[in-house]
Amino acid sequence: MGFPVSLRVDDGDVGEEGADAVFAWLREVDARFSPFRADSEVCRLDRGELARDAVSADLDEVLGLCEEYRVASGGAFDVRLPGRGLDPCAVVKGWSVQRAAGLLRAAGARRFVLNAGGDVVAARGPWRVGIRHPGRADRVCAVAELTDAAIATSARYERGDHIVDGRTGRPATELLSLSVVAPTLTVADAVATAAFALGADGVPWAAARPGCEVFAVTADHRVLRSENFPAARAQAA
Amino acid sequence: MKRAVPVLLLSLAGLIPVWRYEPSLGTAGAAASEPAPASSSAGRGTTVRGSNVQTEKGPVQVQVTFEGSRITAVTMLRQPSHPQTTAAVPKLVAQTLEAQSADIDTVSGATITSDGYRTSLQAALDARGA
(Lines give C-alpha, C1' and ligand atoms only; values in the text may rest on other atoms or scores of the structure.)
Protein backbone atom coordinates (compact mmCIF):
# COMPACT_ATOMS: atom_id res chain seq x y z
CA MET A 1 0.00 0.00 0.00
CA GLY A 2 2.93 2.34 -0.49
CA PHE A 3 1.91 5.87 -1.31
CA PRO A 4 3.54 9.28 -0.91
CA VAL A 5 2.36 11.34 2.06
CA SER A 6 2.59 15.13 2.18
CA LEU A 7 1.88 17.13 5.30
CA ARG A 8 1.71 20.87 5.74
CA VAL A 9 1.06 22.28 9.21
CA ASP A 10 0.55 26.02 9.57
CA ASP A 11 0.68 26.14 13.38
CA GLY A 12 4.13 27.46 14.23
CA ASP A 13 4.25 25.96 17.73
CA VAL A 14 3.62 22.34 16.68
CA GLY A 15 6.78 20.26 16.75
CA GLU A 16 7.88 17.26 14.74
CA GLU A 17 6.21 14.78 17.07
CA GLY A 18 2.85 15.23 15.35
CA ALA A 19 4.32 14.31 11.98
CA ASP A 20 6.30 11.46 13.58
CA ALA A 21 3.07 10.06 15.05
CA VAL A 22 1.39 10.22 11.64
CA PHE A 23 4.14 8.33 9.85
CA ALA A 24 4.49 5.73 12.64
CA TRP A 25 0.73 5.10 12.52
CA LEU A 26 0.69 4.73 8.72
CA ARG A 27 3.59 2.25 8.90
CA GLU A 28 1.68 0.30 11.54
CA VAL A 29 -1.43 0.28 9.33
CA ASP A 30 0.59 -1.10 6.43
CA ALA A 31 2.01 -3.89 8.60
CA ARG A 32 -1.38 -4.85 10.00
CA PHE A 33 -3.76 -4.39 7.07
CA SER A 34 -1.75 -4.85 3.88
CA PRO A 35 -3.04 -7.68 1.67
CA PHE A 36 0.50 -7.89 0.26
CA ARG A 37 2.17 -8.86 3.55
CA ALA A 38 1.70 -12.53 4.39
CA ASP A 39 1.92 -11.86 8.15
CA SER A 40 -0.64 -9.03 8.21
CA GLU A 41 -3.85 -9.43 10.16
CA VAL A 42 -5.79 -9.16 6.89
CA CYS A 43 -3.87 -12.05 5.31
CA ARG A 44 -4.15 -14.21 8.42
CA LEU A 45 -7.91 -13.62 8.47
CA ASP A 46 -8.10 -14.41 4.75
CA ARG A 47 -6.21 -17.70 5.22
CA GLY A 48 -8.48 -18.70 8.09
CA GLU A 49 -5.70 -18.54 10.69
CA LEU A 50 -7.63 -15.82 12.47
CA ALA A 51 -11.35 -16.15 13.21
CA ARG A 52 -13.65 -13.27 12.16
CA ASP A 53 -14.70 -12.75 15.79
CA ALA A 54 -11.06 -12.70 16.94
CA VAL A 55 -9.87 -9.77 14.82
CA SER A 56 -8.70 -6.51 16.41
CA ALA A 57 -11.23 -3.74 17.06
CA ASP A 58 -9.59 -1.73 14.26
CA LEU A 59 -9.96 -4.48 11.67
CA ASP A 60 -13.48 -5.16 12.89
CA GLU A 61 -14.30 -1.49 12.24
CA VAL A 62 -12.72 -1.65 8.76
CA LEU A 63 -14.60 -4.83 7.83
CA GLY A 64 -17.82 -3.25 9.10
CA LEU A 65 -17.25 -0.26 6.78
CA CYS A 66 -16.48 -2.59 3.85
CA GLU A 67 -19.76 -4.42 4.39
CA GLU A 68 -21.70 -1.17 4.79
CA TYR A 69 -20.49 0.08 1.39
CA ARG A 70 -20.91 -3.30 -0.31
CA VAL A 71 -24.58 -3.29 0.67
CA ALA A 72 -25.04 0.42 -0.10
CA SER A 73 -23.57 0.02 -3.60
CA GLY A 74 -25.61 -3.05 -4.45
CA GLY A 75 -22.46 -5.18 -4.57
CA ALA A 76 -20.48 -2.95 -6.96
CA PHE A 77 -17.96 -2.29 -4.18
CA ASP A 78 -16.72 -5.59 -2.80
CA VAL A 79 -13.47 -6.34 -0.96
CA ARG A 80 -13.97 -10.09 -1.47
CA LEU A 81 -13.98 -10.57 -5.24
CA PRO A 82 -14.15 -14.13 -6.55
CA GLY A 83 -10.72 -15.57 -7.22
CA ARG A 84 -8.94 -12.83 -5.30
CA GLY A 85 -7.77 -12.41 -1.75
CA LEU A 86 -9.43 -10.13 0.77
CA ASP A 87 -8.38 -6.58 -0.18
CA PRO A 88 -9.81 -3.84 2.07
CA CYS A 89 -7.25 -1.22 0.88
CA ALA A 90 -9.89 1.16 -0.49
CA VAL A 91 -11.45 1.53 2.97
CA VAL A 92 -8.24 1.19 4.99
CA LYS A 93 -6.61 4.13 3.28
CA GLY A 94 -9.26 6.75 4.02
CA TRP A 95 -9.95 5.37 7.47
CA SER A 96 -6.28 5.34 8.48
CA VAL A 97 -5.48 8.80 7.11
CA GLN A 98 -8.52 10.24 8.87
CA ARG A 99 -7.20 8.74 12.09
CA ALA A 100 -3.77 10.18 11.33
CA ALA A 101 -5.42 13.60 11.17
CA GLY A 102 -6.75 12.91 14.67
CA LEU A 103 -3.19 12.20 15.84
CA LEU A 104 -2.10 15.58 14.44
CA ARG A 105 -4.89 17.33 16.30
CA ALA A 106 -3.92 15.49 19.48
CA ALA A 107 -0.39 16.86 18.98
CA GLY A 108 -1.79 20.38 18.90
CA ALA A 109 -2.09 20.99 15.15
CA ARG A 110 -5.15 23.03 14.22
CA ARG A 111 -4.59 24.25 10.68
CA PHE A 112 -3.08 21.64 8.40
CA VAL A 113 -3.51 19.73 5.17
CA LEU A 114 -2.60 16.05 5.02
CA ASN A 115 -2.34 14.43 1.59
CA ALA A 116 -1.85 10.67 1.42
CA GLY A 117 -1.55 9.41 -2.14
CA GLY A 118 -3.98 12.01 -3.45
CA ASP A 119 -6.52 11.67 -0.64
CA VAL A 120 -6.67 14.85 1.42
CA VAL A 121 -7.80 15.86 4.91
CA ALA A 122 -8.09 19.64 5.30
CA ALA A 123 -8.18 21.04 8.85
CA ARG A 124 -9.54 24.56 9.13
CA GLY A 125 -9.03 26.47 5.91
CA PRO A 126 -10.00 27.36 3.36
CA TRP A 127 -7.50 25.13 1.57
CA ARG A 128 -7.40 25.06 -2.21
CA VAL A 129 -7.26 21.47 -3.36
CA GLY A 130 -6.80 20.86 -7.07
CA ILE A 131 -8.37 17.82 -8.72
CA ARG A 132 -5.86 16.26 -11.08
CA HIS A 133 -6.82 16.47 -14.73
CA PRO A 134 -7.36 12.86 -15.88
CA GLY A 135 -5.41 13.40 -19.10
CA ARG A 136 -2.64 15.71 -17.90
CA ALA A 137 -0.62 15.06 -14.75
CA ASP A 138 0.58 18.68 -14.69
CA ARG A 139 -2.90 20.26 -14.77
CA VAL A 140 -5.97 20.31 -12.57
CA CYS A 141 -9.53 20.20 -13.89
CA ALA A 142 -11.10 21.90 -10.87
CA VAL A 143 -10.17 23.43 -7.54
CA ALA A 144 -12.13 22.52 -4.42
CA GLU A 145 -12.09 24.97 -1.52
CA LEU A 146 -12.17 22.92 1.66
CA THR A 147 -12.54 23.93 5.29
CA ASP A 148 -12.62 21.08 7.82
CA ALA A 149 -13.44 18.55 5.10
CA ALA A 150 -11.85 15.76 3.10
CA ILE A 151 -11.59 14.81 -0.56
CA ALA A 152 -10.76 11.47 -2.19
CA THR A 153 -10.38 10.67 -5.88
CA SER A 154 -10.71 7.34 -7.66
CA ALA A 155 -9.43 7.23 -11.22
CA ARG A 156 -8.25 5.03 -14.04
CA TYR A 157 -5.26 7.08 -15.17
CA GLU A 158 -2.74 6.03 -12.55
CA ARG A 159 -3.08 2.29 -12.09
CA GLY A 160 -5.25 1.54 -15.09
CA ASP A 161 -8.39 -0.52 -14.69
CA HIS A 162 -7.83 -1.54 -11.10
CA ILE A 163 -11.30 -0.86 -9.69
CA VAL A 164 -13.57 -3.81 -10.38
CA ASP A 165 -17.36 -3.66 -10.46
CA GLY A 166 -18.27 -6.45 -8.04
CA ARG A 167 -21.60 -6.93 -9.81
CA THR A 168 -19.92 -7.99 -13.07
CA GLY A 169 -16.39 -8.92 -12.02
CA ARG A 170 -15.07 -6.62 -14.74
CA PRO A 171 -13.14 -3.34 -14.45
CA ALA A 172 -15.23 -0.20 -14.10
CA THR A 173 -14.60 1.89 -17.24
CA GLU A 174 -17.47 4.37 -17.54
CA LEU A 175 -15.63 7.09 -15.63
CA LEU A 176 -12.09 8.45 -15.89
CA SER A 177 -12.08 10.06 -12.48
CA LEU A 178 -14.47 10.62 -9.60
CA SER A 179 -13.82 12.80 -6.55
CA VAL A 180 -15.90 12.98 -3.40
CA VAL A 181 -15.87 15.73 -0.78
CA ALA A 182 -17.18 14.59 2.62
CA PRO A 183 -16.86 15.56 6.29
CA THR A 184 -14.29 12.79 6.83
CA LEU A 185 -11.81 11.01 4.57
CA THR A 186 -13.18 7.68 5.83
CA VAL A 187 -16.45 8.49 4.06
CA ALA A 188 -14.92 10.33 1.07
CA ASP A 189 -12.59 7.45 0.14
CA ALA A 190 -15.15 4.68 0.56
CA VAL A 191 -17.83 6.60 -1.36
CA ALA A 192 -15.40 7.54 -4.16
CA THR A 193 -14.27 3.95 -4.64
CA ALA A 194 -17.79 2.51 -4.47
CA ALA A 195 -19.13 5.20 -6.84
CA PHE A 196 -16.32 4.57 -9.32
CA ALA A 197 -17.16 0.86 -9.28
CA LEU A 198 -20.81 1.74 -9.98
CA GLY A 199 -19.78 3.61 -13.14
CA ALA A 200 -22.07 6.34 -14.51
CA ASP A 201 -24.73 5.46 -11.93
CA GLY A 202 -22.14 6.18 -9.25
CA VAL A 203 -22.32 9.93 -9.84
CA PRO A 204 -25.91 10.45 -8.62
CA TRP A 205 -25.35 7.68 -6.07
CA ALA A 206 -22.40 9.53 -4.51
CA ALA A 207 -24.24 12.85 -4.66
CA ALA A 208 -27.07 11.28 -2.66
CA ARG A 209 -24.83 10.03 0.15
CA PRO A 210 -25.24 12.16 3.31
CA GLY A 211 -22.78 15.05 3.43
CA CYS A 212 -21.14 14.11 0.10
CA GLU A 213 -20.47 16.24 -2.98
CA VAL A 214 -19.17 14.67 -6.19
CA PHE A 215 -17.09 15.77 -9.20
CA ALA A 216 -16.75 13.20 -11.97
CA VAL A 217 -15.10 13.06 -15.39
CA THR A 218 -16.78 10.59 -17.73
CA ALA A 219 -15.03 8.40 -20.31
CA ASP A 220 -16.05 10.91 -23.02
CA HIS A 221 -14.25 13.71 -21.15
CA ARG A 222 -17.27 15.49 -19.75
CA VAL A 223 -17.71 16.76 -16.21
CA LEU A 224 -20.74 15.89 -14.08
CA ARG A 225 -20.76 17.33 -10.58
CA SER A 226 -23.19 17.84 -7.74
CA GLU A 227 -24.74 21.29 -7.57
CA ASN A 228 -23.09 22.20 -4.27
CA PHE A 229 -19.62 20.85 -4.99
CA PRO A 230 -17.30 23.44 -3.34
CA ALA A 231 -15.54 24.46 -6.57
CA ALA A 232 -13.46 27.61 -6.42
CA ARG A 233 -13.79 29.99 -9.31
CA ALA A 234 -11.30 29.18 -12.05
CA GLN A 235 -8.28 31.41 -12.37
CA ALA A 236 -6.47 32.31 -15.53
CA ALA A 237 -3.92 29.69 -16.52
CA MET B 1 -33.68 17.91 -30.73
CA LYS B 2 -33.04 14.61 -32.41
CA ARG B 3 -29.65 14.47 -30.78
CA ALA B 4 -30.84 15.73 -27.43
CA VAL B 5 -33.52 13.19 -26.69
CA PRO B 6 -31.22 10.13 -26.44
CA VAL B 7 -29.02 12.12 -24.08
CA LEU B 8 -32.04 12.92 -21.96
CA LEU B 9 -32.99 9.28 -21.79
CA LEU B 10 -29.49 8.40 -20.67
CA SER B 11 -29.76 11.00 -17.94
CA LEU B 12 -33.02 9.52 -16.77
CA ALA B 13 -31.47 6.08 -16.75
CA GLY B 14 -28.71 7.47 -14.59
CA LEU B 15 -31.00 9.25 -12.16
CA ILE B 16 -33.80 6.77 -11.65
CA PRO B 17 -31.66 4.18 -9.81
CA VAL B 18 -31.37 6.73 -7.03
CA TRP B 19 -35.03 6.30 -6.21
CA ARG B 20 -34.94 2.64 -6.92
CA TYR B 21 -32.02 2.32 -4.58
CA GLU B 22 -33.69 1.62 -1.27
CA PRO B 23 -32.14 -1.40 0.47
CA SER B 24 -34.90 -1.75 3.05
CA LEU B 25 -37.51 -2.26 0.34
CA GLY B 26 -35.79 -4.90 -1.70
CA THR B 27 -38.28 -4.80 -4.57
CA ALA B 28 -38.01 -2.86 -7.78
CA GLY B 29 -41.33 -1.37 -8.80
CA ALA B 30 -42.44 -1.22 -12.39
CA ALA B 31 -41.85 2.16 -13.92
CA ALA B 32 -44.49 3.31 -16.37
CA SER B 33 -43.80 6.13 -18.77
CA GLU B 34 -46.34 8.83 -19.38
CA PRO B 35 -46.43 11.54 -22.03
CA ALA B 36 -43.53 12.02 -24.38
CA PRO B 37 -40.86 14.59 -23.58
CA ALA B 38 -41.67 18.20 -24.35
CA SER B 39 -39.10 20.82 -25.21
CA SER B 40 -38.84 24.58 -25.44
CA SER B 41 -36.13 27.01 -26.46
CA ALA B 42 -35.22 30.08 -24.45
CA GLY B 43 -32.20 32.18 -25.34
CA ARG B 44 -29.13 30.10 -26.14
CA GLY B 45 -30.18 27.04 -24.18
CA THR B 46 -32.82 24.46 -24.98
CA THR B 47 -34.85 23.06 -22.13
CA VAL B 48 -36.32 19.58 -22.33
CA ARG B 49 -38.73 18.05 -19.88
CA GLY B 50 -38.53 14.33 -19.38
CA SER B 51 -41.50 12.01 -19.18
CA ASN B 52 -43.33 11.73 -15.91
CA VAL B 53 -42.04 8.39 -14.63
CA GLN B 54 -43.88 6.44 -11.94
CA THR B 55 -41.72 4.76 -9.34
CA GLU B 56 -42.76 2.91 -6.22
CA LYS B 57 -41.95 6.11 -4.31
CA GLY B 58 -44.07 8.35 -6.52
CA PRO B 59 -43.77 10.31 -9.76
CA VAL B 60 -40.40 11.51 -11.02
CA GLN B 61 -39.76 14.09 -13.72
CA VAL B 62 -36.56 15.87 -14.67
CA GLN B 63 -35.83 18.88 -16.83
CA VAL B 64 -32.58 19.07 -18.77
CA THR B 65 -31.09 22.21 -20.30
CA PHE B 66 -28.86 21.87 -23.37
CA GLU B 67 -26.58 24.16 -25.28
CA GLY B 68 -26.30 22.36 -28.56
CA SER B 69 -26.01 18.70 -27.62
CA ARG B 70 -24.32 19.49 -24.30
CA ILE B 71 -26.18 19.22 -20.99
CA THR B 72 -25.74 22.36 -18.92
CA ALA B 73 -28.23 21.68 -16.12
CA VAL B 74 -30.44 18.93 -14.74
CA THR B 75 -33.35 20.01 -12.58
CA MET B 76 -35.87 17.89 -10.72
CA LEU B 77 -39.41 18.99 -11.64
CA ARG B 78 -41.14 16.34 -9.64
CA GLN B 79 -39.80 14.03 -7.02
CA PRO B 80 -41.28 11.62 -4.49
CA SER B 81 -42.21 13.24 -1.20
CA HIS B 82 -41.01 10.33 0.92
CA PRO B 83 -38.44 11.88 3.30
CA GLN B 84 -35.71 9.33 2.53
CA THR B 85 -36.07 9.79 -1.21
CA THR B 86 -36.37 13.56 -0.95
CA ALA B 87 -33.04 13.62 0.81
CA ALA B 88 -31.62 11.23 -1.78
CA VAL B 89 -32.41 13.31 -4.84
CA PRO B 90 -29.14 14.80 -6.05
CA LYS B 91 -28.88 17.83 -8.27
CA LEU B 92 -26.20 17.33 -10.89
CA VAL B 93 -24.61 19.92 -13.15
CA ALA B 94 -22.83 19.11 -16.41
CA GLN B 95 -19.91 21.20 -17.60
CA THR B 96 -16.92 21.01 -19.89
CA LEU B 97 -13.62 19.52 -18.80
CA GLU B 98 -11.03 22.22 -18.18
CA ALA B 99 -7.26 22.03 -17.87
CA GLN B 100 -6.21 24.65 -15.35
CA SER B 101 -2.91 25.56 -13.80
CA ALA B 102 -4.42 27.24 -10.77
CA ASP B 103 -2.86 28.44 -7.54
CA ILE B 104 -3.44 25.53 -5.19
CA ASP B 105 -2.26 24.15 -1.84
CA THR B 106 -2.40 20.46 -2.71
CA VAL B 107 -3.75 18.00 -5.29
CA SER B 108 -6.31 15.23 -5.04
CA GLY B 109 -5.91 12.42 -7.54
CA ALA B 110 -5.13 8.77 -7.93
CA THR B 111 -1.48 9.45 -7.17
CA ILE B 112 -0.91 6.07 -5.65
CA THR B 113 2.44 5.07 -7.09
CA SER B 114 5.75 6.80 -6.71
CA ASP B 115 6.14 6.90 -10.51
CA GLY B 116 2.96 8.88 -10.77
CA TYR B 117 4.04 11.03 -7.91
CA ARG B 118 7.25 12.09 -9.59
CA THR B 119 5.34 13.56 -12.47
CA SER B 120 2.57 14.94 -10.36
CA LEU B 121 1.76 18.42 -9.29
CA GLN B 122 2.04 17.47 -5.65
CA ALA B 123 5.74 16.77 -6.04
CA ALA B 124 6.18 20.24 -7.47
CA LEU B 125 4.21 21.77 -4.60
CA ASP B 126 6.34 19.91 -2.07
CA ALA B 127 9.50 21.06 -3.80
CA ARG B 128 8.26 24.65 -3.73
CA GLY B 129 7.50 24.44 -0.01
CA ALA B 130 10.78 22.79 0.91
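The values are calculated or read from the model by the stated rules, or taken from the named source; none is laboratory data. From a predicted model like this one, the values you see are computed outputs, not experimental measurements. Note: ideal-geometry Cβ built from the backbone for every residue, glycine included; neighbour counts use all protein chains shown. What goes into the accessible areas is simple: the full protein's heavy atoms, side chains included, and nothing from ligands, DNA or RNA. Shrake-Rupley method; radii C 1.70, N 1.55, O 1.52, S 1.80 Å.
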*Computed on protein heavy atoms with a 1.4 Å probe, what is the summed buried accessible area for the chain pair B and A, in Å² to the nearest 100?*
4100
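Remind me, relative contact order of the stretch A:5-234 in percent, using alpha carbon pairs under 8 angstrom and six or more residues apart?
18
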_Accessible solvent surface per residue of the stretch A:81-237, calculated while the other protein chains remain in place, 1.4 angstrom probe, Å²_ = 35
_Two-site FRET efficiency, A:GLU16 against A:ARG124, from Cβ-Cβ distance with R₀ of 30 Å, rounded to 0.05_ = 0.90
*A:SER56 versus A:ARG167, label points 7 Å from Cα toward the beta carbon: distance in nm?*
3.5
*Using only Cα atoms, figure out Rg for the stretch A:1-126 and give it as a multiple of 2.2 N^0.38 Å.*
1.16
*For the stretch A:5-234, what Kirkwood radius comes out of the mean inverse Cα-Cα distance, in Å?*
18.0
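Express the carbon and sulfur contribution to the solvent-accessible surface of chain A as a percent, rounded to the nearest whole number, probe 1.4 angstrom.
Exposed carbon and sulfur together represent 47 percent of the surface.
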*Grab every C-alpha pair in the stretch A:128-171, bin the distances at 5 angstrom width from 0 up to the longest one, and report whole percents.*
5, 18, 21, 18, 15, 13, 7, 1
*asked:* I'd like the Kirkwood hydrodynamic radius of the stretch A:170-237, using the inverse of the mean 1/r over distinct C-alpha pairs, in Å.
replied: 12.1
